[in-house]
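The values are calculated or read from the model by the stated rules, or taken from the named source; none is laboratory data. Nothing here was measured: the structure is a model prediction, and the numbers come from that model. Cβ placement follows ideal geometry from the backbone for every residue including glycine, while neighbour counts extend to all protein chains displayed.
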Amino acid sequence: MKFVRPYIFQAYLTCPREAWLEYHGLISDQEHEFLALGRLVHESSYQRARKEIMVDNLLKIDLFRDELVAEVKKSSRHKEAAKLQLAFYLYYLKHEKGLILSGLLLFPKERKTEKVELKPELEAEIEKLLQEMLPVLTAEKPPPPVKSKFCRTCSFQEMCWG
């Protein structure tokens, strides 16, 4: 099974075009205010617990907390995509490293957490999504832009809507 970077996996869930652009090495506006805010939240939250770990030069795990793989997010606005991204980490760790772990989504600004377990139905959803996204990502041209509620805060907004 071919794996993609977790950011691309999560981006595909909200916008296949954004995922295609990232997959093909196009860099979004790195000075975009929402990216900068996300970096700030990430860097300033859980500093004492921070134990960023890189796995196979693919996964960048934010931290481990009580034997849980933890992922820090700016907000719960993309909660379902964040949950699937974390499930993707757990799936990868299980299938590539033989590690059966649970996960924890952390939304520090909202003081929320959510536990994520890689149950068979979630694992099947990850496999289905990987099979669905790989042809889209490897296509010669990006999917056409589709207006959504996420466009307003997207760092690729200029590229899609000029």
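Brief remarks follow.
- Test for V136: is it surrounded by 15 or more Cβ atoms within 10 Å (Cβ to Cβ), under 30 Å from L63 (Cα atoms) and of a type in the set (V, I, T): no
- Residues that are touching a Leu at 6+ places or on another chain (Cβ under 7 Å) and not in a loop (DSSP other than H, G, I, E, B) were ranked within the range 108-124; the one that is surrounded by the fewest Cβ atoms within 10 Å (Cβ to Cβ) is K115.
- L90 satisfies every condition listed in (1) surrounded by fewer than 17 Cβ atoms within 10 Å (Cβ to Cβ); (2) in contact with a Gly (Cβ under 8 Å, 6 or more places away or on another chain) except (1).
- For beta carbons closer than 8 Å, sequence separation of 6+ or different chains, a first residue in the range 115-139 that is touching a residue at least 12 places away in the same chain (Cβ under 8 Å) and farther than 30 Å from E67 by Cα and a second that is of a type in the set (D, E, K, R) and surrounded by fewer than 16 Cβ atoms within 10 Å (Cβ to Cβ), the qualifying pairs are L134/K2.
- From the list L26, L93, the lone residue that is in a helix (DSSP H, G or I), within 26 Å of L129 (Cα to Cα) and at pLDDT 80 or above is L93.
- Single residue of the range 125-162 satisfying the filter (assigned to a loop (DSSP other than H, G, I, E, B) and among the charged types (D, E, K, R)) that is modelled with the lowest pLDDT: K149
- Of the numbered criteria (1) surrounded by fewer than 19 Cβ atoms within 10 Å (Cβ to Cβ); (2) farther than 19 Å from T113 by Cα; (3) modelled with pLDDT of 80 or more; (4) of a type outside the set (D, E), the one L37 fails is (3).
- Matching option when the condition is at pLDDT below 90, crowded, with 20+ Cβ neighbours inside 10 Å, within 13 Å of the chain's Cα centre (by Cα) and not small (G, A, S), among K83, K73: K73
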